[in-house]
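Since the structure comes first, as structure tokens, the remarks are kept for the end.
The values are calculated or read from the model by the stated rules, or taken from the named source; none is laboratory data. All values derive from a computational prediction rather than experimental measurement. Here the Cβ positions follow ideal geometry from the backbone for every residue, glycine too, while neighbour counts run over all protein chains shown.
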Amino acid sequence: MKKSNYIYIYPNDFTSLITLLGELAKSKILPLNIQDKNYIPGLFDKVIELDLSPLNTPAIISHIDKNILNTLFYLYLSNHEYKELIMYYFFLYSLKFKDKVFFHRDINIVDKALKIVKYVQNENHKLKGFTRFKELKRHILYAEITCENNIIFLLSNHFKKRLKNEFWIIKDVKRNILSIYDKKDFYLVDANNCNLKEIILSEEEQEIEDLWKSFYKTIGIKERQNDRCRLNFMPKKYWKYILEVSDEI
Amino acid sequence: MNLQEKLIILADSAKYDASCSSSGSTRNIKSKGLGNTFFSGICHSFAADGRCISLLKILMTNCCIFDCKYCLNRRSNNIKRAIFTPEEICQITINFYRRNYIEGLFLSSGIVQNPDYTMNLLIETISLLRNKYHFNGYIHAKAIPGASLYLVKKLGYLVDRMSANIELPTDKGLKLLAPNKDSKKVTNIMHYVKENRSAKFVSSGQSTQMIIGASQESDYDIMSKSSNLYQNYKLKRVFYSAYIPVNHDKNLPLIKTPPLVRENRLYQADWLLRYYHFKVEDILSSDNPNFNLLIDPKADWALRHLDEFPKDINHCSYEELLKVPGIGLKGAKRIISSRQYFTVTFKDLQKMGIVLKRAKYFITCNGQYLMTKDLWNADFITKNLVLEEQKHTTDTKKEQLALFL
Ligand code: SF4
């Protein structure tokens, strides 16, 4: 392996990144960093973007074990500053240890990678519960979420099954991405390209929300009040979009 | 009375039931209809008491012909009564589910007229929800003890989980506090459900609940009952609900706060029974019938068996690992699988999520012990473990513990 002083740049999508990782591994390069196209190089940074087009992406991907590819994908969705580099090292270790890599907690970077994956999965799982839809005119369901990791794709997969026969839209407020579901499939789009200014609630929305808030207040047993426990399970950072607690902030 | 008032009354009367989980069911998506279930369960919110909210937990009605002493809804209490129509319950469930407030419905009821009549109300409501509204999410229903078995059968095909509450661990306690109840009627239902369980019938299994601290029974009585229920009826869960004083009665204990620490110990011991290869007799006995409130049952057991420790992480068996305080199921599995590829060190243990603060007293890594050998005595370890646990308990629990210090 040879160390490189270059920062490698990739087009902003998962498959290109995997292709790049495969290529770097083949040429035995340990890059200084790997960044997506939005990266703004510093004064002394040396950046390089490989031409990946002649490479056979499907072939590279089909060579990767499913569990390892999944792990790489979860890492890709994480908000970690050096996720690409962590992906690369995890990928290198997976070439060495194959599927046994998952047991190698003794290797720091493997341990780190698996912890990040867990963090992404946990957040996705939390949001499966914490997402709150509002009903708009014409029965469209609309939810705004906030999340540390880029989980809207995972979350949409969940609601695609659960709310199969509904029209719904989920908005990741921080990243400004919309997921739009049309009863067949969902599409991720840049919210700037969408005119969603006219959010008009359905007539019964207020009534249902009030019912839910009364239920929420009632169901807690006051002799057992335990704020610490509640905060532990439902951290404040999600409260803004959780209807029943949003006015407690 | 408007819908909101009804909902408040009927959620308020349902809130004391501890079961909330929505796990264990795999309802596939249907082309028509709304919803699915998620095998490991999903919590949608957490109430001010820190408990998970995953189901719309309500009673059909809080009217009741029975007079159980510990229950808010008992006949002799002068409280506001309400009854939902099946249509109302469906409307609320569907509207909440579409907005992702809930994972499904948990429907229970006070007993009106007679058990069969009440059971029919539940069945009517849930079939409406399943067949007219095509609701395909999670449903947990209470079976009404004393109802005919053909009704239990009907209900079983509609729900994911069914439960009948044992309430108190002994017949003596039941006679004193719930004179209209008969434990035989509860176990009849459990037996029927066990015999008929399938992917279509109560697919995620049955559970039950016991009230803790309303009667005189010891923890040993309670755990023996649980173990017996797990064995005889293949229950998925026994829930423990710390008694909350809602009524005054000469047969009820005079307490102000619910016995939460005790409840917690019971849950811990319950886990030991179900997943950690412990038997009731390992942790409690007629000479030692109640849990040590200061220390969790597993650590308590380990301290009474210090001669079996320390265990060497790289050599002991999976079962032995499970008995080490601070090592959970996942941790034990991780250690076993990692051991095949490298020698596990203390540092690795930390990475694997093992609570070294607790485990360090009971283990060695390749012969190395983290403490000095002269500190190897039960007194010293107990003090430290108690301190450690205190850091993690809430103030109300601390008050309760203080009573025993
Ligand atoms: S049967 Fe007993 S516990 Fe159940 S609602 Fe009636 S009074 Fe309460």
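Could you tell me whether B:I144 is away from the ligand (no atom under 12 Å from the Cβ) and among the aliphatic types (A, V, I, L, M)? Please lay out each step first, then the result.
Numbers: away from the ligand (no atom under 12 Å from the Cβ): no; among the aliphatic types (A, V, I, L, M): yes.
So B:I144 fails the test.
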So, B:L128, is that one more than 14 Å from every other protein chain (Cβ to nearest Cβ), touching a Pro at 6+ places or on another chain (Cβ under 6 Å) and hydrophobic (A, V, I, L, M, F, W, C) or not? yes
Please verify whether A:N122 is in contact with a strand residue (DSSP E or B) (Cβ under 9 Å, 6 or more places away or on another chain), outside any strand (DSSP E or B) and either over 15 Å from A:Y181 (Cβ atoms) or not assigned by TED's automatic domain parsing to the domain that holds A:L188 (or both), treating the condition exactly as stated. no
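Each row is one residue, and each column tells you yes or no for (1) facing another protein chain (nearest Cβ under 10 Å); (2) surrounded by fewer than 22 Cβ atoms within 10 Å (Cβ to Cβ).
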{"residue": "B:E5", "(1), (2)": "yes, yes"}
{"residue": "B:D17", "(1), (2)": "no, yes"}
{"residue": "B:A47", "(1), (2)": "yes, no"}
{"residue": "B:I83", "(1), (2)": "no, yes"}
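Does the stretch B:61-77 contain any residue that is at the interface with another protein chain (Cβ under 10 Å from one of its Cβ atoms) and either within 16 Å of the ligand (Cβ to nearest atom) or not charged (D, E, K, R) (or both)?
No, the stretch B:61-77 contains no residue that is at the interface with another protein chain (Cβ under 10 Å from one of its Cβ atoms) and either within 16 Å of the ligand (Cβ to nearest atom) or not charged (D, E, K, R) (or both).
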Residue under evaluation B:Q4, criteria (1) touching a Leu at 6+ places or on another chain (Cβ under 7 Å); (2) more than 24 Å from B:N131 (Cα to Cα); (3) within 16 Å of the ligand (Cβ to nearest atom), criterion not met: (3)
Residues within the stretch B:308-359 that are assigned to a loop (DSSP other than H, G, I, E, B) and either small (G, A, S) or within 14 Å of another protein chain (Cβ to nearest Cβ) (or both), tallied: 14
Within the stretch B:157-168, tally of residues that are within 13 Å of B:E124 (Cα to Cα) and within 21 Å of the chain's Cα centre (by Cα): 1
Please verify whether the stretch A:189-202 includes one or more residues that are without any contact (Cβ under 8 Å) to a residue 12 or more places away in the chain and within 13 Å of chain B (Cβ to nearest Cβ). no
Every residue in the stretch B:49-60 that is within 14 Å of another protein chain (Cβ to nearest Cβ) and not basic (K, R), please. B:D49, B:G50, B:C52, B:I53, B:S54, B:L55, B:L56, B:I58, B:L59
Can you pull out the residues in the stretch A:85-100 that are crowded, with 22+ Cβ neighbours inside 10 Å and in contact with an Asp or Glu (Cβ under 9 Å, 6 or more places away or on another chain)? A:S94
Looking at the stretch B:23-30, can you tell me whether even one residue there is in contact (Cβ under 8 Å) with a residue 60 or more places away in the chain, more than 16 Å from the ligand (Cβ to nearest atom), assigned to a loop (DSSP other than H, G, I, E, B) and under 21 Å from A:I242 (Cβ atoms)? no
Residue among A:K164, A:K171 that is in contact with a Leu (Cβ under 6 Å, 6 or more places away or on another chain), basic (K, R), within 26 Å of B:C43 (Cβ to Cβ) and not assigned by TED's automatic domain parsing to the domain that holds A:F73: A:K171
State whether one or more residues within the stretch A:75-89 are within 14 Å of chain B (Cβ to nearest Cβ) and in a helix (DSSP H, G or I). no
Out of A:N232, A:N226, I need the residue that is in the same structural domain as A:E144 (by TED's automatic domain parsing), crowded, with 18+ Cβ neighbours inside 10 Å and modelled with pLDDT under 95. Which one? A:N226
On the basis of being in the same structural domain as B:I211 (by TED's automatic domain parsing), among the small types (G, A, S) and modelled with pLDDT under 95, does B:S108 make the cut? no
Which residues, counting only those in the stretch B:126-155, are over 28 Å from B:K185 (Cα atoms) and of a type in the set (S, T, Y)? B:Y133
Give all pairs with beta carbons closer than 8 Å in which a residue from the stretch A:229-245 that is without any contact (Cβ under 8 Å) to a residue 24 or more places away in the chain and within 7 Å of chain B (Cβ to nearest Cβ) meets a residue that is outside any helix (DSSP H, G or I) and among the β-branched types (V, I, T); count only pairs at least 6 apart in sequence or on separate chains. A:C229/B:T394
Residue check for B:S40: more than 16 Å from the ligand (Cβ to nearest atom) and surrounded by fewer than 18 Cβ atoms within 10 Å (Cβ to Cβ): yes
Scan the stretch B:79-119 for residues that are in a loop (DSSP other than H, G, I, E, B), away from the ligand (no atom under 16 Å from the Cβ) and over 30 Å from A:L155 (Cα atoms) and jot them down. B:T85
